[in-house]
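Just below is one structure, and these are the notes that go with it.
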Amino acid sequence: MKDPPSWLQVMIAAIFLVTSGCETGPVRKTETADSQAHGVTKGAFRGKWWNYYERGVSYSDGHFWKEAEADLRAALDRRDEDQRRARTYGMHFVDYFPHRELGVAFFHEGRYQEAIHELESSLRNEKSAKAEFYLDITRKSLIQQNHADLRPPDIDLRSPLPGLLTNHAFVSVSGTVRDDTYVKSIAVSAAPIRVDLAAPEVTFVTEVPLKAGENVIRVEATDLSGKQTAVERRIRVDFQGPILSIDEPVEGGTISRPGVRLRGHAYDESGLEEILVNGRQILKAPAQEVALDYTVPSADGLDRVVIQAKDQAGNRTTAEIHLSGGHASSQRFLVASLDPFRLVLLGNVPVQQDTIPPSIELKGYMGEQVTFLDQVYLEGVVRDEGGIAFLAVNGQTILRKAGKNVYFSYLAKLDEGDNTVVVEARDLAGNCTEKKIGFHRQLQKVREIGSRLSVALLPMERKGVPGLGADAVEEALLAELIGGHRFRMVERRRLEEILREQKLSGSELADPNAAVRVGRIMAANCVLMGTVLEKEASVEIYLRVVDTETSLILTAVDVYGEDMSREMVRLLCQGLMTKLLDELPLVEGLVVTVKGNQGIVDLGQEKHVKKGMRVIIFEEGEPVRHPLTGMVLGSDVAEIDHGVIRAVREQMSDVELFGKEAQGRVKPMHKVITQ
């Protein structure tokens, strides 16, 4: 038999060399579960790290843990670190989490220590909600196996202090929760504190809104095993100033010798702390109620009596009574000198029925006004010769004892938009009156939703097994984004129009370049690019916030759950929003230094600001006063410049200023707010 031609020998050798250089790896059989094939890859298996990883995850989806372990270990031999968007070849990327998926496999096999090792390794490389989820349940299983949880969590609540009395609308709640194993969750007044991964010790700080009266601040902590602890603090909130009921002197009264007699009473439910009469302290000791019987010494230039009362919550009420310039003489009448016949006539004159309602006067405010304040301090006086029996502000009764001239004050919280404060009074004869004051609260421009980052939520990339799908996630997430009032959301209808114009499908927006291009056309500062990975019994949502000008990823957040209900999707989207608010906070600070177009602001890592976040530099404008009363209604602000954070340090950040014409106008102590 003749030897093959030389050209054929060369070809055979070349084919042998090429094929021997291709690492195909061990052949593994495809497994089947629930009529689905597992241990498969989308393309040809080339023995690359991404091939092993894809096949290993496919085995895991079918619960073929041994086969999954072998492939995931092979992937780790070729590429050891977990990473999002790891480049395979060319411009192809894959989310690569071999340590995490190996930890999941070990968990399901009951190999808890090995699972913990792999899951911790994954989190050191790349944080993911799924790794945190499985690390928590693995530690829980190990704790229960070893009966290691002996005690419930311990809550060290530093603030507020017990029995706090305040007139503030918010209170800071801070403390530390410790556990002999791991703290899983903390809630303050039913609002959850962000705890991504259970830890032996968790420190927290949050603000809680307060209402008038008694408030119960309840802090609850739960460890991984489900043991719970709760601590309560009771806070009394007093928005009402002291009541001053003044019988004399009366408005316009005369000055007597040796002085002006002050007679009446003062009352405050929280306790009176001081009472000043023309600047002189007359309250000897704190009390809820005191009788006022004091002579204001006559002096040259005395034309008024000013009574100022302060309660223990810090509220103040002022009564200012103007006097006439004359002096009253002490006139004496001898009853024996009066005509007896006239006395009889006077005694028979019928008493007229009181039909005149009380008068209500409010200091500084009239029917309707626009204000920039989030709360207003109302001061007023109610007068009635027959005596006032009832006085209420916004339905809250504030009068304890009848009086003729009742001075009061009340701190009213204002919501954005229209607010109405109603003062009601009734005298002893039953005559009623009320006065309504309207306040339209307007946000300062830099704090309006229109000044915040404009953000477009792009169609979510869909992966995995079709189920509830990305549509349900988008719907729930969009509702959270709109309701959160953190971003200025671009209308979805506008997005749909642009996609039609650009002849793009939603799936094509998974390409960051296409997504950023669409965001720029929409005039959005940022785009939200998301991925929904749905499997038979789990859903993972990953969201990136990408700056459309620089293509910089400002932050990325994710959530993971193993319940496929719509309620779980809603809760997961709530979790995404909580993380977004924490990662891109709306915070304020001050300009520290400025040189050219470079500045330093006092917002640093402790405020969670990040490189690439945009800021607005502004200053408070002139006070806005009521044209008739002169009452200060707040102040608007003047924007000076915009900028972007270029570097973040512990307590400060470097900012590059945008506006060339604004250079020189930005000064230290100007205010700054994240956009």
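The values are calculated or read from the model by the stated rules, or taken from the named source; none is laboratory data. These numbers come from a predicted model, not from an experiment. Cβ placement follows ideal geometry from the backbone for every residue including glycine, while neighbour counts extend to all protein chains displayed. Protein only, heavy atoms only, side chains kept; ligands, DNA and RNA dropped before computing areas. Shrake-Rupley method; radii C 1.70, N 1.55, O 1.52, S 1.80 Å.
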Point to revise | Sole exception among (1) surrounded by 14 or more Cβ atoms within 10 Å (Cβ to Cβ); (2) outside any loop (DSSP other than H, G, I, E, B) for E622, by number | key: (1)
Point to revise | Residues of region 284-321 that turn out to be among the polar types (S, T, N, Q) and part of a loop (DSSP other than H, G, I, E, B), as a count | key: 3
Review point. Picking from G664, G643, which residue would you name as being at positive phi and either surrounded by fewer than 15 Cβ atoms within 10 Å (Cβ to Cβ) or not in a loop (DSSP other than H, G, I, E, B) (or both)?
Key: G664
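Would you check if G659 is in a loop (DSSP other than H, G, I, E, B), touching an Asp or Glu at 6+ places or on another chain (Cβ under 7 Å) and open to solvent by less than 70 Å² (accessible area, probe 1.4 Å)?
yes
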Exercise for review: Name every residue in region 525-554 that is surrounded by fewer than 18 Cβ atoms within 10 Å (Cβ to Cβ) and either part of a strand (DSSP E or B) or free of Cβ contacts under 8 Å to residues at least 12 places away in the same chain (or both), in order of residue number.
Suggested key: I553
Review point. Does P152 satisfy the condition of being at pLDDT below 95 and not in a helix (DSSP H, G or I)?
Key: no
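Residue by residue, here is whether (1) among the polar types (S, T, N, Q); (2) open to solvent by 50 Å² or more (accessible area, probe 1.4 Å); (3) out of contact with any strand residue (DSSP E or B) (no Cβ under 7 Å at 6 or more places or on another chain) holds:
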residue: N146; (1), (2), (3): yes, yes, yes
residue: L161; (1), (2), (3): no, yes, yes
residue: L164; (1), (2), (3): no, yes, no
residue: H168; (1), (2), (3): no, yes, yes
residue: S172; (1), (2), (3): yes, yes, no
residue: T176; (1), (2), (3): yes, no, no
residue: T181; (1), (2), (3): yes, no, no
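So which of T222, T206 is in contact with a Lys or Arg (Cβ under 8 Å, 6 or more places away or on another chain) and open to solvent by 10 Å² or more (accessible area, probe 1.4 Å)?
T222
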Point to revise | region 597-606: number of residues that are over 9 Å from Q651 (Cβ atoms) and not polar (S, T, N, Q) | key: 3
Check your understanding: List the pairs whose first member sits in region 296-312 and is at pLDDT below 90, whose second member is assigned to a strand (DSSP E or B) and open to solvent by 70 Å² or more (accessible area, probe 1.4 Å), and whose Cβ atoms are under 7 Å apart, counting only residues at least 6 apart or on separate chains?
Key -> D303/H322
Practice item. Working carefully through the options L399, L378, find the one that is in contact with a Phe, Trp or Tyr (Cβ under 7 Å, 6 or more places away or on another chain), open to solvent by less than 60 Å² (accessible area, probe 1.4 Å) and part of a loop (DSSP other than H, G, I, E, B). Key: L399
Exercise for review: Check whether at least one residue in region 324-339 is surrounded by 11 or more Cβ atoms within 10 Å (Cβ to Cβ) and at pLDDT 90 or above, and report yes or no.
Suggested key: no
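Here is a yes/no grid of residues against (1) open to solvent by less than 20 Å² (accessible area, probe 1.4 Å); (2) at pLDDT 95 or above; (3) in contact with a strand residue (DSSP E or B) (Cβ under 6 Å, 6 or more places away or on another chain):
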residue	(1), (2), (3)
R566	no, no, no
V569	yes, no, no
T578	no, no, no
V587	no, no, yes
L603	yes, yes, yes
H608	no, no, no
G630	no, no, no
A647	no, yes, yes
S653	yes, yes, yes
Practice item. Could you tell me which residue of region 234-283 is nearest to V376 (Cα to Cα), considering only residues that are among the small types (G, A, S), open to solvent by 10 Å² or more (accessible area, probe 1.4 Å) and not in a strand (DSSP E or B)? Key: G279
Point to revise | Test result for G90, at positive phi and either open to solvent by 10 Å² or more (accessible area, probe 1.4 Å) or not aliphatic (A, V, I, L, M) (or both) | key: yes
